[in-house]
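Worksheet: one structure, shown below.
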């Protein structure tokens, strides 16, 4: 039983080490983190529902996960192909396309969630403004 825990612990440490490598070496991951932070702030401001949060967090996880997987593929191709190779370039390009595709899907999902939230926010403001104007006219 103790050996099982040691194996799990080592796997966890290996995953953390891999994450640390990507944090240090991948600038594009920082862009994804920044955009994710902005999306989370907007989610707080516009008071997203639990379902909307679940969708947003899932999309953030998918985009970051795809970026990490793309980086792993790039590292693997760099090990296998020491010099320029057209097929190696195609592999890297296809992996990058997968990340781009899921990122575009995440943007579309974000728009589907945030556009109505923004519209509702402005609609509430205009209703409150009209109510205030009406109250001022009554006095």
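The values are calculated or read from the model by the stated rules, or taken from the named source; none is laboratory data. Given the structure is predicted, the values throughout are model-derived calculations rather than measurements. Methodologically, a virtual Cβ is constructed for each residue, glycine included, from the backbone with ideal geometry; neighbour enumeration extends over all protein chains shown.
Testing residue 127 on (1) assigned to a helix (DSSP H, G or I); (2) exposed (fewer than 11 other Cβ atoms within 10 Å of the Cβ); (3) at pLDDT 85 or above, one condition comes back false. Which one is that?
Among (1) assigned to a helix (DSSP H, G or I); (2) exposed (fewer than 11 other Cβ atoms within 10 Å of the Cβ); (3) at pLDDT 85 or above, the lone unmet condition for residue 127 is (3).
With respect to residue 51, determine if the residue is under 30 Å from residue 122 (Cβ atoms) and under 22 Å from the mean Cα position of the chain (by Cα).
It is true that residue 51 is under 30 Å from residue 122 (Cβ atoms) and under 22 Å from the mean Cα position of the chain (by Cα).
Counting just the residues of the stretch 79-100 that are surrounded by 12 or more Cβ atoms within 10 Å (Cβ to Cβ) and more than 20 Å from the chain's Cα centre (by Cα), which one comes out farthest from residue 69 (Cα to Cα)?
Across the stretch 79-100, the extreme among qualifying residues is 85.
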